[in-house]
Amino acid sequence: MTQTPEAGPGPASATIVAQHAHLLETLPFADRQDFEDAHRGFIAALEPAVVRDADGRVVWDNDSYAFLAGDAPETVNPSLWRQSQLNAIQGLFEVVPGLYQVRGLDLSVMSFVEGERGVVVIDPLISVETAAAGLGLYRAHRGERPVTGLVYTHSHADHFGGARGVLGQERVDSGEVPVIAPAGFTEHAVAENVFAGTAMSRRAGYMYGAALDRGPLGQVGAGLGQTTSVGSVTLIPPTVHVTTTGQEVVVDGVRMVFQLAPGSEAPAEMHFLLPDLRALCMAENATHVLHNILTIRGALVRDPHAWARYLTDAIELFGEQTDVVFASHHWPTWGHERAIRFLVEQRDLYAYLHDQTLRMMNQGLTGIEIAEAITMPPALENAWHARGYYGSVSHNVKAIYQRYMGWYDGNPANLWKHPPAEVGRRYVDFMGGADAVVAKASDSFAAGDFRWVAEVVSHVVFAEPGHEAARTLLADTFEQLGYGAENGTWRCAYLSAAHELRHGGFGTPVSAAASDLFAQLTPEQWLDAMAIRVDGPRAWHERLTIDVALTDLGQTHRISLSNGVLSHTSTPGPLPADLTLRLAMPVLAGLLSGALGLGDLGSAGVEVAGDASALSRLLAVLDEPDPDFAIVTP
Ligand SMILES: [Zn+2]
């Protein structure tokens, strides 16, 4: 190795270049239909495609992807390069007369359906700033139409975060503008941020490559879209819930017929037909990627069986009335036959992964083995929209195994493994010491066996994190794996890991924490969130009960701490609590979030009765999550 530890990314190796050449020969690059579709109906671009917040900070910069021109460089998988070129096409587009989309202004796509008086907005992007820019672009070309309805197709932040950029709360409160969402929307929209938010946000930094420079050696896109915008995330709570499939809602003369799809790509999700436009919105369940059964930032495993079922149902319910299918990511697919084929292939994609994983599982293969053994049908292999730019066959198969079987593969050798630093120390010792492992692994690197180098040299880094040659070799290796990856999130993860090995941790560059989301948390969710911050050992010997009377909600919750566990109930028994607090929900939220301290109780109007020390003792056992935790080093 000639690079010093501080050196940056190197060139693509011969192995990666050959791998790319093979893809160029085998995938149908001559098929340009997607480019035709991604440009179809183009009205205008946002120029410059840079969106800033009120302080002038850039929250979106699509122009930074101008390098995505021409053939793929050797350091980018040509299939991912192609997908990124498509995702970077930005502007306002007509889907059919009356239905428009703004694409390339965020990770997600915002759609507009024109009504009698104004326009119904579908999925207002992630940030207020990008949503406002998108609406502005629409209005510049379609007139100053008021927003007369807002639809959230599902409970992920890239489909509601920009709500306040297109609509004011007062027009919702007055009943003038309905906000429509699937049943369970709000609970799920906030729930994801409650329990594992810190860990997911830190890992999302890897998944989207937020700390990476954009360019052929860095971030080129995330497959689902280019990246996430980083403006203000908001939420206007829904006022109309879709509770049954077949439910029809008419807003401003726009007819929408809904199909619920809970527990698919999101826990609360729905598709809908615009029968008067013969246009079908598939939310995020049929897009131009193989989506995630389990996103690599971490999440609960999704249900591919139900997902495929909903796609079958959508075809049966709406297929005959569909001439164009669109989603809240990527470009639409036009023509009845093409739309149906697209839906069938998407359905078969998830069903095939599910069924074949189960088949092989029942033959005794484990997730890691199935991920290597499974082969996709040629028709899906060659369908661009079915390729693994966001989800991958490899990690989705392991996720399906995990959903049914859990983390343990059944082999007791794996039942009681040492943690990484311990196992690393032992491996390195058995293999003749760190220098010997690095020397041998350098040969494997030269031979292009990057997966193996990552495995063994990671043991060295966990055994001896200060071993510079090991860190450099591991960073070089992650870069090669990143250059080779067809999956946008894998590329980002590998290159982020290399970046941290070379330059140190970048922490959590983008956090989804938003006051609108916190405001929607129920008292129970706040108390659950507090419970998972209790430092168990520190709280072992603490015993206390506090009644929290929420004056604005008319509820009382009893918090009890015992054995390092914080439990709560809304039906306190007859025994008196150590302390009773009478306060409003926002004050409780402030106390639990740390925005308010014990010294603020008086000014916040909190009434305290009983042993006031109970509250300070409780706050003293609460731990803080760490948004900077190490990932590729011990
Ligand atoms: Zn999305």
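The values are calculated or read from the model by the stated rules, or taken from the named source; none is laboratory data. Given the structure is predicted, the values throughout are model-derived calculations rather than measurements. Here the Cβ positions follow ideal geometry from the backbone for every residue, glycine too, while neighbour counts run over all protein chains shown. SASA here: full protein model, heavy atoms, side chains in, ligands and nucleic acids out. Shrake-Rupley method; radii C 1.70, N 1.55, O 1.52, S 1.80 Å.
Solvent exposure of E455, expressed as accessible area, is near 100 Å², computed with a probe of 1.4 Å over the protein chains only. Note on the stretch 489-628: with neighbouring protein chains present and a 1.4 Å probe, carbon and sulfur make up 55 percent of its accessible heavy-atom surface. Think of it as helices only: each DSSP H run of n ≥ 4 in the chain is worth -39500 (n - 2.57), and spread over all residues that comes to -11500 deg cm²/dmol at 222 nm. Counting 0.36 nm for each residue step from A439 to W416 and taking away their Cα separation leaves a gain of 5.3 nm. Label separation (V240 vs R538): 4.9 nm, computed from points 7 Å beyond Cα along the C-beta direction. Each residue, R142 and S562, gets one label point 7 Å from its Cα in the Cβ direction; the gap between the two is 5.9 nm.
Relative contact order, whole percent, for the chain stands at 14, derived from Cα pairs under 8 Å and 6 or more residues apart. Among beta bridges from DSSP that stay inside the chain, the antiparallel ones total about 75%. Rounded to whole numbers, the Karplus 3J(HN,Hα) couplings from phi for the stretch 34-47 are 4, 5, 4, 5, 5, 9, 4, x, 4, 10, 6, 9, 7, 10 Hz, using 6.51 cos²θ - 1.76 cosθ + 1.60 with θ = phi - 60°, and x at Gly and Pro.
How high is the FRET efficiency between E25 and R57 when r is their beta carbon distance and R₀ equals 51 Å, given to the nearest 0.05? That gives a FRET efficiency of 0.70.
Surface composition of the stretch 139-246: carbon plus sulfur atoms contribute 50% of the solvent-accessible area (1.4 Å probe, protein chains only, all chains present). Only protein atoms count toward the accessible area here, which uses a 1.4 Å probe; on the stretch 79-133, the carbon and sulfur part of that area reaches 50 percent. You can think of it this way: the chain between Q363 and A609 has 82.2 nm of extra reach, that is 0.36 nm per residue less the Cα-Cα gap. Taking amide H as placed 1.01 Å from N in the peptide plane, the amide H of S562 sits under 5 Å from that of S567, each at least 5 places away or on another chain.
In this Cβ point-charge picture (+1 for Lys and Arg, -1 for Asp and Glu), the stretch 432-565 has a dipole of about 200 debye about its Cα centre.
Computed with a 1.4 Å probe over protein heavy atoms only, the accessible surface of the chain comes to 41 Å² per residue.
Is the stretch 230-285 rounded, prolate or oblate when judged by the Cα gyration tensor, a ≥ b ≥ c being the square roots of its eigenvalues, rounded requiring a/c under 1.5 and prolate requiring a/b larger than b/c? Cα axes put the stretch 230-285 in the prolate bin. 3J(HN,Hα) couplings calculated from phi for the stretch 468-475 with the Karplus curve 6.51 cos²θ - 1.76 cosθ + 1.60 (θ = phi - 60°) are, in sequence order, 5, 5, 5, 4, 5, 5, 5, 5 Hz; Gly and Pro show x. Taking the centroid of alpha carbons for each part, the stretch 246-277 and the stretch 279-344 are 13 Å apart. Spin-label model, S515/T571: points 7 Å from Cα along the beta carbon direction are separated by 3.7 nm. Could you tell me which of rounded, prolate or oblate describes the chain, using a ≥ b ≥ c as the square roots of the eigenvalues of the alpha-carbon gyration tensor, with rounded for a/c under 1.5 and, failing that, prolate when a/b is larger than b/c and oblate otherwise? Taking the square roots of the gyration eigenvalues as a ≥ b ≥ c, the chain is oblate. Placing +1 on the Cβ of every Lys and Arg and -1 on the Cβ of every Asp and Glu, with no other charges, gives the stretch 173-288 a dipole of roughly 420 debye about its Cα centre. In this view, the solvent-accessible surface of W384, computed with a 1.4 Å probe and all protein chains in place, comes to about 10 Å².
Counting only protein heavy atoms and using a 1.4 Å probe, the accessible area of Y208 comes to about 30 Å².
Of all DSSP bridge pairs formed entirely within the stretch 537-634, close to 75 percent run antiparallel. In a simple Cβ point-charge model (Lys, Arg +1; Asp, Glu -1; nothing else charged), the chain has a dipole of about 380 debye relative to its Cα centre.
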